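The values are calculated or read from the model by the stated rules, or taken from the named source; none is laboratory data. These numbers were taken from a predicted model, which means no experiment stands behind them. Cβ placement follows ideal geometry from the backbone for every residue including glycine, while neighbour counts extend to all protein chains displayed.
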Amino acid sequence: MTVITLTILVILLAIGIPVAFVFATVGLGLFIYDDISLMNIPITLYSTADNFILLSIPLFLLMSNILIRGELGADLYRAVQSWIGHWPGGLAMATILSCGIFSAISGSSVATSATIGNIAFQEMIARGYERRFVLGLLAAGGTLGILIPPSIPLIIYGIITESSILDLFLAGIGPGILLMTLFMLYCFCWAKFNHQYTPSSKASWHERMICSVKALPTLLLIFVIIGGIYTGVCTPTESAAVGVTTSLLIVLLKRTLSWDAMKYAVMDTLKTTVSVFLVIAGAKIFSKAITFYDIPQSISLTLTESFSTPPALILSICLSLLIIGFFLESISMLLLMMPVLLPTIQLMGIDIIWFAILFVMMIECALVTPPVGLNLFTIQAVTGSPIIDITKGVTPFFILILLAVLIIYLLPEIALFIPYHYTG
């Protein structure tokens, strides 16, 4: 039954049926095939919806859309540029650093790519930066949005595995800084061997102070969101609600958000939330159904027999995720794979928090690989550039993400030091 179920699942996904309906249809079919009570479906859906942490997803999405429509990213970018823009490749490094800082607000890779991409693209092109390099830089920089907390995929991972959201967020800090540093080092090296671009002039201290003061509201928002979670004052959901309120106050005081823009922000949030929750609902039906057939246990047994050591298992999982990432977006990857992999991970004694970071970093690879890499299409929409140019430009950054995965595998303390020492 395991082989048949997985075959049907792959076929339905391959012919282009929406992921949510594939999960729900296959799950329903499994219920009917073995005459399992269909009352399990509404019970499962109710128990899934009855989870306070799920409310953080639309709240973080709404906050991201308010920030995008309110154009808060521009002040942040100018402030970072004023400090490091005169370095070799400084504008590129400022773009990556801005992506990293904005990630600490948005929790979304698409929001990060769209926001910073809209601001940085034309300026970098005007300065003579190679077009493909800029496109790849913006697509890769956006991936930081799901690694640096708050991260929506990490929230969903925590829900699936019943892990501490705080520990997951803390674990994302070190790897996020590592990946951001690798990207910036590549930008520096690229600039050393490519002299076609025009370096930015060094900003005066007066200009730096003015730009930094303008960016203070955005930095305040980061402090409110992250500080509230890490100090234990707020849960992630409460922190997201405070973040929405604070972001609204900021854009209203700055008068950068019109009523029409607010309506678009709300509608974009509703569309994305419905899509995400439909996938979650369908995946829960599928997950519940396969437990009646012991499919996760069967796969777990097969994996542990085939890969007797954790390194071999991790390598096989990463390769599988790399392939699956060509066809599924991030949320679908999590909801499809984690219910199946979780028993094996626990049986092999692999740290569930550390594995979360590896999983999310493999999702980052999926975000920048065709044919369904969301960041590629986001940058295409922002710049009007061909997908092939974006793909070629992002290839070096894709390799750097894989290098970061290897480093996190070899040095797990990069991910685990903060959560284990912070929470005890």
Sole residue being surrounded by fewer than 20 Cβ atoms within 10 Å (Cβ to Cβ) and either out of contact with any helix residue (DSSP H, G or I) (no Cβ under 8 Å at 6 or more places or on another chain) or among the aliphatic types (A, V, I, L, M) (or both), chosen from P396, P343, P371:
P371
Within the range 238-281, residues buried (at least 17 other Cβ atoms within 10 Å of the Cβ) and acidic (D, E) come out as D268
For the range 104-120, does any single residue satisfy the condition of being over 21 Å from L221 (Cα atoms) and modelled with pLDDT of 90 or more?
yes
For the range 69-78, which residues satisfy the criterion of being assigned to a helix (DSSP H, G or I), surrounded by fewer than 24 Cβ atoms within 10 Å (Cβ to Cβ) and not basic (K, R)?
A74, D75
The range 149-204, residues that are among the hydroxyl-bearing types (S, T, Y) and buried (at least 18 other Cβ atoms within 10 Å of the Cβ):
S151, Y157, T161, Y186, Y197
Can you name every residue in the range 147-184 that is among the small types (G, A, S), at pLDDT below 95 and outside any loop (DSSP other than H, G, I, E, B)?
G158
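Can you report the number of residues in the range 300-320 which are in a helix (DSSP H, G or I) and buried (at least 16 other Cβ atoms within 10 Å of the Cβ)?
Qualifying residue count, the range 300-320: 6.
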If we scan the range 5-27, do we find a residue that is in contact with a helix residue (DSSP H, G or I) (Cβ under 6 Å, 6 or more places away or on another chain), closer than 25 Å to L249 by Cβ, buried (at least 22 other Cβ atoms within 10 Å of the Cβ) and not basic (K, R)?
no
Pairs, please: C-beta under 9 Å, at least 6 apart or cross-chain, first residue touching a residue at least 24 places away in the same chain (Cβ under 8 Å) and in the range 1-27, second surrounded by 13 or more Cβ atoms within 10 Å (Cβ to Cβ) and of a type in the set (K, R)?
F23/K284; G27/K284; G27/K288
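Going through M333, M362 one at a time, which residue ends up being modelled with pLDDT under 90, buried (at least 20 other Cβ atoms within 10 Å of the Cβ) and closer than 29 Å to S308 by Cα?
From the options M333, M362, the qualifying one is M333.
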Sole residue being free of Cβ contacts under 8 Å to residues at least 60 places away in the same chain and not in a helix (DSSP H, G or I), chosen from V213, V274, V233:
V233
Conditions (1) buried (at least 24 other Cβ atoms within 10 Å of the Cβ); (2) small (G, A, S); (3) farther than 28 Å from L62 by Cα; (4) without any contact (Cβ under 8 Å) to a residue 60 or more places away in the chain: number failed by G89
(4)
Any residue in the range 221-228 that is among the aromatic types (F, W, Y), part of a helix (DSSP H, G or I) and over 30 Å from Y129 (Cα atoms)?
yes
Checklist (1) more than 24 Å from A24 (Cα to Cα); (2) not in a loop (DSSP other than H, G, I, E, B) applied to Q297, failing item:
(1)
Quick one: how many residues across the range 127-146 are at pLDDT 95 or above and either part of a loop (DSSP other than H, G, I, E, B) or touching a strand residue (DSSP E or B) at 6+ places or on another chain (Cβ under 8 Å) (or both)?
0
Has the range 185-206 got at least one residue that is without any contact (Cβ under 8 Å) to a residue 60 or more places away in the chain, outside any loop (DSSP other than H, G, I, E, B) and under 20 Å from R78 (Cβ atoms)?
yes
Going by what's in this entry, would A79 be described as farther than 25 Å from D268 by Cβ and either at pLDDT below 95 or over 21 Å from the mean Cα position of the chain (by Cα) (or both)?
yes
Of all residues in the range 243-292, which are closer than 30 Å to M39 by Cβ, under 21 Å from the mean Cα position of the chain (by Cα) and hydroxyl-bearing (S, T, Y)?
T273, S275
Looking only at the range 283-319, count every residue that is hydrophobic (A, V, I, L, M, F, W, C) and either without any contact (Cβ under 8 Å) to a residue 24 or more places away in the chain or within 13 Å of L347 (Cβ to Cβ) (or both) and tell me the total.
8
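Residues are listed down the side, and each one gets a yes or a no for (1) more than 30 Å from A114 (Cα to Cα); (2) free of Cβ contacts under 8 Å to residues at least 12 places away in the same chain; (3) over 17 Å from the mean Cα position of the chain (by Cα); (4) in a helix (DSSP H, G or I):
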residue: L322; (1), (2), (3), (4): no, no, no, yes
residue: F326; (1), (2), (3), (4): no, no, no, no
residue: L335; (1), (2), (3), (4): no, no, no, yes
residue: P343; (1), (2), (3), (4): yes, no, yes, yes
residue: V372; (1), (2), (3), (4): no, no, no, no
residue: L376; (1), (2), (3), (4): no, no, no, yes
residue: A381; (1), (2), (3), (4): no, no, yes, yes
residue: I388; (1), (2), (3), (4): no, yes, yes, yes
Do any residues in the range 139-161 that are free of Cβ contacts under 8 Å to residues at least 60 places away in the same chain and closer than 15 Å to P58 by Cβ have Cβ atoms under 6 Å from those of residues that are surrounded by fewer than 24 Cβ atoms within 10 Å (Cβ to Cβ) and of a type outside the set (V, I, T), where the two are at least six apart or on different chains, and which pairs are they?
none
